[in-house]
Amino acid sequence: MGDLKLNHSVENGSASMLNPLDHEEFRRQGHMVIDFLADYYQNIETYPVRSQVEPGYLQERLPQSAPLNPEPIETILKDVQKHIIPGITHWQSPNFFAYFSACGSIAGFLGEMLSTGFNIVGFNWVASPAATELESIVMDWLGKMLKLPSSFLFSGGGGGVMYASTSEAFLCTLTAIRDQKLSVIGRENLGKLVVYCSDQTHFSLKKSVQIAGISPENVRPILTSKSDDFQLCPESLRLAIISDLEAGLIPLYLCCTVGTTSSTAVDPLGPLCDVAKEYRIWVPVDAAYAGSACICPEFRHFLDGIEGANSLSFNAHKWLLTTLDCCCLWVKDPSALINALSTNAEILKNKATEAKQVVDYKDWQMALGRRFRALKLWLVLRSYGVARIRDFLRGHVEMAKHFEMLLAADKRFEVVFPTNFATVGFRVSPSAIPNGEDVNAFNQNLLESINASGGAHMVHAVVGGVCDPTSGALDTEFCS
Ligand SMILES: *Cc1c(COP(=O)(O)O)cnc(C)c1O
C-alpha cells in the first residue's frame, strides 16, 4: 500500500518513511481493486477465452527496469487492463471448458482476502493458534461431508492437512512410507522400492517419485483398456507385484485415482486395497478433481473401499468453490508423515509443542512457512452450506449428462468414455470425416480452430491408444 500522499521522491531521502500498511490508503486502494475485479467479471465474456498473445508479448510492452519512484494505483490498474488482461486465459469465463474447472466463488475469494489480509505465517500452533485449529476443524468437517471412516479424522486418530497441490500430497505421503519402509529394511535398499499406478495416473506422480529419490525405472504404470473403462485392474496389479518380488524388488506405494485426468476413470478401490494390504503397500487415493462430487450421497459410491486406503487427497480449488490453492489430504497415520517431515529448531521451541497438546503443521509438509488456507474453505462451507454446494455440483453433472445425451443422439459425434462426473470426452466420429482424412488430425484441427476463435476453450486428451484392443489407432478427443 504505497503512500501516495508523499510528495517527495523517495530518492532524495527527505520523505517520511513509507508506511506500507497505512489503513486509510488500504481502504481506498482496496475498494478500487474490488471495483476493478467486479468490472472484470461483468465483462469477462467480451474477452477471448484463451489468450491470443504471442510468446514474449509483454517484454515488448513493459519498461526494461522497475520504476524508481512511486506510481499511483490508478495508473497501475490501467496497465493491468491494457497489458495484463490480454495475456490472461480466462479460467473463470463461462466459456472455459479446458482441463478441469477452477471454480471460484465470492466466498472463496473473500476468504482468500482475509487470509492474505492477516498475512500470518502459521508454521506451528503457537505462531497463530487459529490457523492450526481451524484447519483441523475444517478438515474434520470435510471428512464427515465425504463420509470418510473415522480413522481418517482427528477425532478417530487420523487427521487432515491443507497443501498447495496434489503433487505435494504425493511427495509427502511417498516420503512418509519410503522412510517407514527403509527404517525396517535399511536405507541401502532405496533402489529396490517400487511404485504402482495405472497408465491413466496423473503425471505429477512421476515427479514426486523422482524427487523422493526412487528410481524412475521402478514405476509401474499398469495398462488399462477402453473395455474396462480405463480402470486399474487388481489382477494386473497382482501380476506386476509378483513379478517384482521375484526380481528381488520391494513394493511400496500404489496410487489409485478417483476421476483420472484424461478419462475421469474410477479405480476399484476395495479390490485394489485388498491386494495392496497383502503386500503392505501404502495406498494413496488421488481424487483431485472428482473428490468434491463425493460429498453428494448419490456420488459417494465412487469412494467405496476407501477404508482400505492409507490416504486420500482432493483439490478443493478445482470444483469446491475455493480459489487456488487448496489441496486437502487425510491420512490414517499422521505419525508416518511426522516422522519423515518434522524438524526442530531452538527458535521454534514452545510449551504447547513440548506438552504434545497441539498439531504443528510444519511437520506435515515440506515447507516451514504456510498459508492460512482453512479460512477460505471455512468461508465457502459457511456461506453456501453443504446442501447448496451439493446442488451446485449436481447441476454440473446434470449439464454434462445432458450434453453427453445430445452427442449420443447425433451421428456426427462419438462419446469416448463414460461421463462419470462433469467432464465429457468426445470426438467427431470417423464415419463423419471425409474419406482419406486422418481422424486424429481432423479432430485436432477442429479443436485448434475453436480455441483460436476465442469463443470457447477446450483441451484434448489421448486415451485408449496402444493398450486398447478394440481400436487400432489412438483416439484423440476433446474434453469439456
Ligand atoms: C489436477 C490433478 C492433479 C494435479 O494436481 P496439482 O494440484 O496441480 O498438483 C493430480 N491428479 C489428478 C487426478 C488431477 O485431476
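Can you tell me which residues in the range 177-205 are within 16 Å of the ligand (Cβ to nearest atom) and in a loop (DSSP other than H, G, I, E, B)?
Selection gives 199, 200, 201, 202, 203.
Would you pick out the residues in the range 270-289 that are away from the ligand (no atom under 14 Å from the Cβ) and surrounded by 24 or more Cβ atoms within 10 Å (Cβ to Cβ)? Before you say what the answer is, go through the steps one by one.
Of the range 270-289, the ones away from the ligand (no atom under 14 Å from the Cβ) are 270-283.
Hits for the range 270-289 are 272, 276, 282, 283.
So which of 123, 96, 118, 109 ends up being closer than 17 Å to residue 45 by Cβ, in contact (Cβ under 8 Å) with a residue 60 or more places away in the chain and not basic (Lys, Arg)?
On inspection, the qualifying residue turns out to be 96.
Let me confirm something: among 313, 263, 292, which residue is buried (at least 24 other Cβ atoms within 10 Å of the Cβ) and near the ligand (Cβ under 9 Å from one of its atoms)? Outline the logic, then answer.
Details: 263 fails: near the ligand (Cβ under 9 Å from one of its atoms); 292 fails: near the ligand (Cβ under 9 Å from one of its atoms).
From the options 313, 263, 292, the qualifying one is 313.
Please specify each residue of the range 334-369 satisfying the condition of being of a type outside the set (S, T, N, Q) and not in a helix (DSSP H, G or I).
First pass over the range 334-369, keeping only residues of a type outside the set (S, T, N, Q): 334, 336-338, 340-341, 345-349, 351-352, 354-356, 358-364, 366-369.
Listed by number, the residues that qualify are 345, 349, 355, 356, 358, 359, 360, 366, 367, 368, 369.
Do we have any residue at all in the range 371-381 that's more than 16 Å from the ligand (Cβ to nearest atom), in a helix (DSSP H, G or I) and over 21 Å from the mean Cα position of the chain (by Cα)?
So far as the range 371-381 goes, no, none of its residues is more than 16 Å from the ligand (Cβ to nearest atom), in a helix (DSSP H, G or I) and over 21 Å from the mean Cα position of the chain (by Cα).
Every number in this text was worked out from the coordinates using simple rules, so none of it is lab data. All values derive from a computational prediction rather than experimental measurement. With ideal geometry, Cβ positions are generated from the backbone for all residues, glycine too; neighbour counts draw on all protein chains shown.
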